[in-house]
Amino acid sequence: MSRRVVRQSKFRHVFGQAAKADQAYEDIRVSKVTWDSSFCAVNPKFLAIIVEAGGGGAFIVLPLAKTGRVDKNYPLVTGHTGPVLDIDWCPHNDNVIASASDDTTIMVWQIPDYTPVRNITEPVITLEGHSKRVGILSWHPTARNVLLSAGGDNVIIIWNVGTGEVLLSLDDMHPDVIHSVCWNSNGSLLATTCKDKTLRIIDPRKSQVVAERARPHEGARPLRAVFTADGKLLSTGFSRMSERQLALWDPNNFEEPVALQEMDTSNGVLLPFYDPDSSIVYLCGKGDSSIRYFEITDEPPFVHYLNTFGSKEPQRGMGFMPKRGLDVSKCEIARFYKLHERKCEPIIMTVPRKSDLFQDDLYPDTPGPEPALEAEEWLSGQDADPVLISLKDGYVPPKHRELRITKRNILDVHPPSGPRRSQSASEAPLLQQHTLETLLEEIKALRERVQAQEERITALENMLCELVDGTD
């Protein structure tokens, strides 16, 4: 009599649990735009949700601690003249978020640590280059200020947000609407899916398709694809019979999938959220009321079904917290922010452990907020893996960091017209030194003033908290 061997895995017993009612965010009018994006973005400081707004597009940004009922007059981030279709937090600055809109523009916003009194209407920079609506945004995982956008004009543009310039424009890669774009772990390659039913791997700096697979899923509904930690690809799609599928691909051999999992029959597009630290992929379908999760391994059958988190309410969208925002003391390995029609509900994925000590096997070093490269270095051909941090002592988000925009003036390139008094060889260095010293003194004075204002704000906030506690 043969005995069945149970596969060994520390993630076999991962379970999902919705947060308590007082930990949810209530009275949020989630956007009803028909677009297959997640409508939600989250980082260790803030939760951002695309909301219904009259006269243009808007999204709301809440500090993570501001749970409960949200005031109907709570300030929004407004500025787009059309509906907002996608939002994405910068991985290297927790106060910077980009938004893409039906009005063909991308706006990059600086979110203050304090709650603003009125709507935020002025972006740090507006990026204009698409001729149709922009529906996809993705920051580069390792290079500072590099942002990718994809629009209804079938064009992918990679921007340097620090200067407002277009670094690369991929015009002739896609004959139809782009459904998804994903960077690999070091940002050297892109995986894209398109309405023409083709999965492509693109080297953006060479502007060439490295590999492609036509019809990875036979169905007519949209595809999604994400890179795994070892460079393989996970795709979600539909069979001819409208059964939803998850496939694992080796880019070096695109003939047949390494593994193929068939699930249920439904119309909702599956949004894959991949965690490279645990090698678990979570599948969330729009309109579904469940989250399925699978572990990806090097051993057959390669894709192992773990479990399904189910609830009663269907999801309108989903946010996925970066690893550095999780509570390691509770063995939390993933946290989702599920959008309902009028609220947002955190869902926590936990590995049950008896010990309260730090579980280093669950939390390998994970990408931190420091970029590994500058935009110019990446464009010149350099690649670098993310700068990793340890979560052993927990992660504390850094204080507010300002996004600095340096727009280059093309007029400075041309020689000035008209006569000009020439400087003597001895006069020029003296003038340069004087200007440098003056600038350094001004910068020092400004920094001291900002520090004093921050201390004043902190003192006022403490006084406010004491007053609130006193009234309670």
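Checking each residue in region 114-152 for being under 15 Å from Phe59 (Cβ atoms), more than 19 Å from the chain's Cα centre (by Cα) and part of a strand (DSSP E or B) picks out only Ile120. Is it the case that region 31-40 has a residue that's among the basic types (Lys, Arg), farther than 30 Å from Leu223 by Cβ and either surrounded by fewer than 23 Cβ atoms within 10 Å (Cβ to Cβ) or at pLDDT below 95 (or both)? The answer is no; no qualifying residue exists. For region 313-353, give me each residue that is open to solvent by 40 Å² or more (accessible area, probe 1.4 Å) and among the small types (Gly, Ala, Ser). Scanning region 313-353 gives a single hit, Ser329. The strands (runs of 3 or more DSSP E) located wholly in region 230-319 that include 3 or more residues which are modelled with pLDDT of 90 or more and more than 29 Å from Ala21 (Cβ to Cβ) occupy 233-238, 243-249, 259-265, 290-296, 303-310. When you scan region 96-116, do you find a residue that is of a type in the set (Val, Ile, Thr), more than 21 Å from Lys323 (Cβ to Cβ) and open to solvent by 20 Å² or more (accessible area, probe 1.4 Å), even just one? Yes; the residues of region 96-116 include at least one that is of a type in the set (Val, Ile, Thr), more than 21 Å from Lys323 (Cβ to Cβ) and open to solvent by 20 Å² or more (accessible area, probe 1.4 Å).
So which pairs qualify, if the first residue must be in region 449-466 and in a helix (DSSP H, G or I), the second must be open to solvent by 100 Å² or more (accessible area, probe 1.4 Å), the Cβ gap must be under 9 Å, and the two must be at least 6 apart or on different chains? From region 449-466, the pairs are Glu454/Lys399; Ile457/Tyr114; Glu461/Tyr114. Annotation note: of Asp356, Asp361, the sole residue that is touching a helix residue (DSSP H, G or I) at 6+ places or on another chain (Cβ under 8 Å), open to solvent by 20 Å² or more (accessible area, probe 1.4 Å) and assigned to a loop (DSSP other than H, G, I, E, B) is Asp356. Determine, yes or no, whether Arg408 is within 29 Å of Val124 (Cα to Cα), part of a loop (DSSP other than H, G, I, E, B) and at pLDDT below 70. Yes, satisfied. Checked against the criterion of being open to solvent by 10 Å² or more (accessible area, probe 1.4 Å) and more than 26 Å from Gln382 (Cα to Cα), the candidates Arg205, Arg200, Arg244, Arg213 yield just one match: Arg213.
Remark: Ala58 matches the filter, which requires a residue to be surrounded by 18 or more Cβ atoms within 10 Å (Cβ to Cβ), out of contact with any helix residue (DSSP H, G or I) (no Cβ under 9 Å at 6 or more places or on another chain), at pLDDT 95 or above and not β-branched (Val, Ile, Thr). Taken together, the criteria exclude Glu437 from residues that are open to solvent by 100 Å² or more (accessible area, probe 1.4 Å), modelled with pLDDT under 90 and among the charged types (D, E, K, R). Do you know which residues across region 1-28 are open to solvent by 40 Å² or more (accessible area, probe 1.4 Å), farther than 24 Å from Gly325 by Cβ and either of a type outside the set (Lys, Arg) or modelled with pLDDT of 95 or more (or both)? Met1, Ser2, Val5, Val6, Gln8 - these are the residues of region 1-28 that are open to solvent by 40 Å² or more (accessible area, probe 1.4 Å), farther than 24 Å from Gly325 by Cβ and either of a type outside the set (Lys, Arg) or modelled with pLDDT of 95 or more (or both).
With a requirement of 2 or more residues that are more than 23 Å from Ile347 (Cα to Cα), the strands (runs of 3 or more DSSP E) lying completely within region 1-113 that satisfy it span 57-63, 77-80, 84-89, 96-101, 105-110.
Across region 279-312, the qualifying residues are those that are closer than 22 Å to Ile49 by Cα and charged (D, E, K, R), and the one among them that is most open to solvent (accessible area, probe 1.4 Å) is Lys312. Can you work out which of the residues in region 376-404 that are open to solvent by less than 70 Å² (accessible area, probe 1.4 Å) and out of contact with any strand residue (DSSP E or B) (no Cβ under 9 Å at 6 or more places or on another chain) is farthest from Val108 (Cα to Cα)? Selected residue: Gly394. What is the residue count in region 255-277 for residues that are touching a residue at least 60 places away in the same chain (Cβ under 8 Å) and either open to solvent by less than 10 Å² (accessible area, probe 1.4 Å) or among the aromatic types (Phe, Trp, Tyr) (or both)? Of the residues in that region, 2 qualify.
Residues of region 118-136 that are open to solvent by 10 Å² or more (accessible area, probe 1.4 Å) and hydrophobic (A, V, I, L, M, F, W, C): Ile120, Val124, Ile136.
The values are calculated or read from the model by the stated rules, or taken from the named source; none is laboratory data. Keep in mind that what you see is a predicted model, and the values were worked out from it rather than measured. All Cβ positions, even for glycine, are placed from backbone atoms using ideal geometry, and neighbour counts span all protein chains on display. In case anyone asks, the SASA skips ligands and DNA or RNA and just uses the protein heavy atoms, side chains included. Shrake-Rupley method; radii C 1.70, N 1.55, O 1.52, S 1.80 Å.
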